[in-house]
Amino acid sequence: MKTTYNSRKYVVITIFLVVGFIFIARLFFLQIIDNSYVLSANKNALRFVTNYPARGLIYDRNNKLLVYNEAVYDLMVVPRQVKTFDTTELCNLVGITKEDLIFKLQKAREYSPYAASIFEKQISKENYGYLQEKLYKYNGFYVQSRTLRKYPLSIAGHALGYIGEVGNEVTDSYYKPGDYIGMSGLEKYYEPILRGKKGSKILMVDVFNREKGSFHNGIYDTVAIAGEALHSTLDADIQAYGELLMKNKIGSIVAIEPSSGEILSMVSSPTYDPNLLVGRVRGVNYNLLLKDPSKPLFDRALMAVYPPGSIFKIIQSLIALEEGVITERSAFPCDKSLLGCHNHPNATDLKSAIKMSCNPYFYQVFRRVIQHGLANDRFQDSELGLNLWNDKALSFGLGQRLNVDIPNLKKGRIPDALYYDKIYGHRGWAFSTIYSLSIGQGEMGIIPLQMANIAAIFANRGYYYTPHFVKSIGNNKTINPEFLKKNLTKVSDKYFQVVADAMYEVVNEPGGTASQARIDSIIVCGKTGTAQNPHGEDHSIFIAFAPRVNPKIAIAVYIENAGFGGVWAAPIASLIIEKYLTKRIKRKDLEERMLNAKLSSKH
Amino acid sequence: MREQKGILGNIDWVMVGMYTMLVFMGWLNIYSAVYNENHKSILDFSQSYGKQLIWIASSALLAVFIMAIDPKFFSQFAFGIYGFFLFMLLVVLVSGKTTYGSKSWFEIGGFGLQPSEFAKFATNLALAKFLSSNDIHIKEQKTKLYAILILLIPALLILLQNDTGSAIVFVVFILVLYREGLSGNILIFGLIIGVLFVLALLVNQFILSGIVLALALIFIFFIRKNRRGIITISVFLVLTIGFIFVVDYSFNHILQDHQRERINVLLGKEIDLKGAGYNVNQSKIAIGSGGFIGKGFLNGTQTKFNFVPEQSTDFIFCTVGEEWGFIGSLVVVGLMMGLLIRIIFVAERQRSPFSRIYGYGVASILFMHIMVNIGMALGLLPVIGIPLPFFSYGGSSLWSFTILLFIFIKQDSYRLNLL
């Protein structure tokens, strides 16, 4: 009887096997079909840590360090991994209030519960020491070391620029929120070189988020590659000296080495200590600087479009000579009914006109340039004349954005016929409408960098190299070939000498407008300018190059509302020239007077 | 001399070999699961893997001891052993130690002992003894009642310890009863109950009742001439709808919160990966990330860094899945299934009903543990903390499974000596 149940073993075995097969099917699904578990496991146990490379250093032309890095530490949080912890202790360690803590955690959670976000930025080395000891207690928190920019000489803020956290407008996937990126100046222009290459490291962490060594002995890890150093063309000495001289003055100094186009100094005043825009104090300082009515963040050397005033007469001279409407012997009386002028003898030739900066003389010169006699109608004649003039003026690097290795510089404006057509209608204007251009006033605008470049063109007697800030990158001695290219003007070389001679006389001969720029040991050639402006007193302007033979420096000094060009801009330019060429200042009295002058409150 | 030689020669070395392999694999996986950098030696007795070695060695001694005992001892003293362990279950209720909410441990010199583990083989002995008695016929109501009592008493005592998992294991004896002649309907009935249970939890009870009612009406329509059939179906209908409501009520009002959560997690009604669902989710991650060939011995990140709780005991299968992959899991599941089937075949070759019934009991108990434990690790069954036979860390379970199996091996080795 009982043996009849013998076959029931097959039922029992079948039940066993069904369960066995369900297990195997399930295992097949979990382990082979569904890949998501691998990802989840990695999310659990692996932490992807970014190794931030050191940002490239920046040196001046004599290998003086302008920018270096200092280590700080960011406290990171992965909200999903956070477990209950001693909030009071963490608040004390980091130096925040409990409300801050709750707010920061909430913000991190909103960004992503799984990805790390910055909980507290830029913790100092000292606090980091305490924090690191206690960190094991805080699941989901870890520290990432970062670097901050430091500026040992506190100079050249505008040229160097600053770095800041990437914003939403940056679409490059290289950057993650919280990363730093160059926001202005060289930091921005050379960002791809300075930033280096981020590395990454895969760490294993246990369930308590404790580090447990590197994953697979680090075969997937990549090393961070430090950013390359920039060897800039700036000369720290005259940069610092320029900033000092421009204290309490509003304006700009740009100095260029004519034989290379290297920018030796770029001062925009008022300036600021670049160290102010670094680290945790950055936000507050940035807002203070932004609100300052004298606009210290505004880089006047590159962004301020000024009327050039009388310095433009040297270009007018060249264009007129080139067009053959005057010769160097041309003489025009100082007829103040045409244009106001100061009292001086009548100019008997071009050189003396430049030396004395005679306004009516250049009225006549410019009239000849514009009213060429190319057409009988004077309106049409002016249109043709202006366009010829414009073409030549542009070749001096004006009215166009120079291809300088720095972001955000203005074009300036050299008007052409079309420009006036828009205002007055076609043929609605003639020389009589635009004669202010003759003395560098009216609708034209030039940035100080372009003015310095004009000085360089005269130093070179007819060409310029695109001004630039960087001599070489890293150990690589080559620079952008653009910067090695001679840019010729559309005026023959032969006409330059006479104007350069006149610039010599401006400084060195009796009756010249810039006698205060004279230096015993160095022959300075220059041209003053005094630009009228609707906002107050005239701007004081001076451009120069020195020495006369084989010039080493070309400079433009522009001081807002300071009055006559020969009185302020010329002496300051000469001090910088003296400093650069002789390394010391002999004219102590002059230096004293310039340093103490407060010209910024005149308006 | 002659007799002893006979014993050794008649030992089923296939079962012994499978047992040994499983125990050894279990040990390696425990080593991996609780691996401690500071105590790298697998023989370090301050660590679980060192301790497990002590349990393994003592289990081997136990096995040898069982093989040396007169085989009649276990059948003769079956009820005595059963009684003793029932007594121990009572004692532990009074003076036991509470761990993880269950009062089921005796603590003896740093080692814990769990009487409920031993109650399984004791019950198996008693059931085998009872059913193999000469005047017993399973079809009789009285026999069924006594058999169920033998199972129910230890199960209830264990339930009182708040160790639901171990108590549930006793359900599996249905398989033994079925083999011994209980109607096959019991299995079908069990299946229907199971399906209804899950449906009752997943579907609103009124909708489910409506569906059952509609099905019943269709049946009645087809057999409308058969009055008895209609009555039977009606009775079933009432019972089924009653069951649905009872399940719903007990689920919401009788089950404890953590049990309800575990079932909800399993049914996908509750997704709380940090709370109740954490274990299962981490277990699935560990196993799933093992891939085809696994991450290698001691290289499982989830295992090594303790992402799965209870990994050396209840979730030991995660280690297999993560470090040995699909291949390793297949080997382990295959070995376990192989052992079960071997036990069934060996049970069927017994001349004595006691040995056969006992053998079925062994296979059933092992089967229940394997199904629940691996099923839980794979996220197929709710989290019920019972050990994986021969694998999980722990002395009581290894001892009790060893005793359970070796009594059978002993009985088997004597099968030819019986007439």
So for the stretch B:335-398, using the alpha carbon gyration tensor with a ≥ b ≥ c as root eigenvalues (a/c under 1.5 gives rounded; past that, a/b versus b/c decides prolate or oblate), I'd call it prolate
Of the candidates A:G425, A:N561, A:P448, the farthest towards the positive dipole end of chain A (Lys/Arg Cβ +1, Asp/Glu Cβ -1, centred on the Cα centre) is A:P448
Amide H proximity to A:F332 below 5 Å, modelled H, separation 5+ or other chain, gives A:A347
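Please arrange A:V11, A:V281, A:V82 by how many other C-beta atoms lie within 10 Å of their C-beta, fewest to most.
Numbers: A:V11 15, A:V281 12, A:V82 18.
Listing A:V11, A:V281, A:V82 from fewest to most nearby Cβ atoms yields A:V281, A:V11, A:V82.
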Quick calc, the protein assembly as shown, dipole around Cα centre from Cβ unit charges on Lys, Arg (+) and Asp, Glu (-), nearest 20 debye, gives 2100
Taking placed amide H atoms and a strict 5 Å upper bound, the residues 5 or more places from A:I446 or on another chain that come that close are A:Y306, A:R413
Its Cα gyration tensor gives the stretch B:192-254 an equivalent ellipsoid whose semi-axes in whole Å, largest first, are 25, 11, 8
Pseudo-spin-label distance B:L152 to A:D520, built 7 Å along Cα→Cβ, given in nm, is 12.5
Once the mean of 1/r over all distinct C-alpha pairs in the stretch A:433-512 is inverted, the Kirkwood radius in Å reads 15.4
With label points set 7 Å from each Cα along the Cα-to-Cβ direction at A:H426 and A:V207, the distance between them in nm comes to 8.5
Computed from the beta carbon distance with a Förster radius of 41 Å, FRET efficiency for B:L202 and A:K83 to the nearest 0.05 stands at 0.80
A correct Karplus calculation of ³J(HN,Hα) over the stretch A:412-422, with 6.51 cos²θ - 1.76 cosθ + 1.60, θ = phi - 60°, whole Hz and x for Gly and Pro, returns x, 9, 10, x, 10, 4, 4, 4, 6, 4, 5
For A:L388, the net charge from surrounding residues (Cβ-Cβ under 13 Å; K, R +1; D, E -1) works out to -3
Counting only DSSP loop positions in the stretch B:112-213, the GluC sites (Glu not before Pro) whose Cβ has at most 11 other Cβ atoms within 10 Å are B:E140
If amide H atoms are modeled at 1.01 Å from N in the peptide plane, then the residues at a separation of 5 or more from A:S184, or on another chain, having amide H under 5 Å from its own are A:Y162
Semi-axes a, b, c in Å (a largest) for chain A, each sqrt of 5 times a Cα gyration tensor eigenvalue, come to 68, 27, 21
Using alpha carbon centers only, the stretch A:482-497 is separated from the stretch A:49-106 by a whole-angstrom value of 52
For the stretch A:12-18, in residue order, the Karplus 3J(HN,Hα) values (coefficients 6.51, -1.76, 1.60; θ = phi - 60°; whole Hz; Gly and Pro = x) are 5, 4, 4, 4, 4, 5, 4
Each label sits 7 Å from Cα toward the beta-carbon; between B:A214 and A:S7 the label points are separated, in nm, by 3.9
Measuring from the longest principal axis of the C-alpha atoms of chain A, the long axis of helix A:448-459 (C-alpha) lies at a number of degrees, nearest 10, equal to 50
Calculated from DSSP helices alone, with each H run of at least 4 adding -39500 (n - 2.57) and the total divided by the residues of chain B, [θ]222 nm to the nearest 500 comes to -23000 deg cm²/dmol
Here the residues of the stretch A:542-586 lying in the modelled label zone of A:H535, meaning backbone nitrogen under 13 Å from a point 7 Å along Cα-to-Cβ, are A:559-562
Going through A:K107/A:K295; A:K355/A:K486; A:K247/A:K579; A:K249/A:K494; A:K410/A:K586; A:K295/A:K598 one by one, the pairs whose alpha carbons sit over 27 Å apart turn out to be A:K107/A:K295; A:K355/A:K486; A:K249/A:K494; A:K410/A:K586
Most fluctuating of B:G395, B:G296, B:G26 in the GNM of chain B (C-alpha, under 10 Å) is B:G296
Once phi for every residue in the stretch A:482-498 is put through the Karplus expression 6.51 cos²θ - 1.76 cosθ + 1.60 (θ = phi - 60°), the whole-Hz ³J(HN,Hα) values, with Gly and Pro written as x, are 3, 7, 9, 8, 6, 9, 8, 8, 8, 10, 4, 3, 4, 7, 5, 4, 5
As straight-line cross-link partners of A:K104, the qualifying lysines (C-alpha separation under 24 Å, not fewer than 8 residues apart within one chain) are A:K43, A:K83, A:K121, A:K125, A:K134, A:K137, A:K176, B:K274
Fewest to most Cβ atoms within 10 Å: B:W13, B:W27 sort as B:W13, B:W27
Length gained if B:S133 through B:S41 is fully extended, taking 0.36 nm per residue and subtracting the Cα-Cα distance, is 28.0 nm
Computed about the Cα centre, the charge dipole of the stretch A:47-232 from +1 Lys/Arg and -1 Asp/Glu charges at the Cβ has a magnitude in debye, to the nearest 20, of 240
What the Cα atoms of the stretch A:47-232 span along the principal axes, largest first and in whole Å, is 54, 40, 32
Least to most buried among A:S173, A:S436, by other C-beta atoms within 10 Å and fewest first, runs A:S173, A:S436
So A:D493 and A:L65, fully extended at 0.36 nm per residue minus their Cα-Cα distance, gain in nm 150.1 nm
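Compute the projected area of the convex hull of the Cα atoms of the protein assembly as shown, averaged over all viewing directions, and report it in nm² to one decimal place.
Details: hull surface 249.0 nm².
Its Cα hull, projected and averaged over all orientations, spans 62.3 nm².
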Of the listed links A:K150/A:K291; A:K188/A:K471; A:K188/A:K313; A:K150/A:K188, those spanning more than 28 angstrom between alpha carbons are A:K188/A:K313
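According to the square roots a ≥ b ≥ c of the eigenvalues of the Cα gyration tensor, what is the shape class of chain B, taking rounded for a/c under 1.5, prolate for a/b larger than b/c otherwise, and oblate for the remainder?
Judged from the Cα gyration tensor, chain B comes out oblate (a/c at least 1.5, b/c at or above a/b).
Just so you know, all these numbers are worked out from the coordinates, no wet-lab data involved. The structure presented is a predicted model; accordingly, all values stated were derived computationally and were not measured. Glycine gets a Cβ as well: all are built from the backbone with ideal geometry, and neighbour counts include every protein chain shown.
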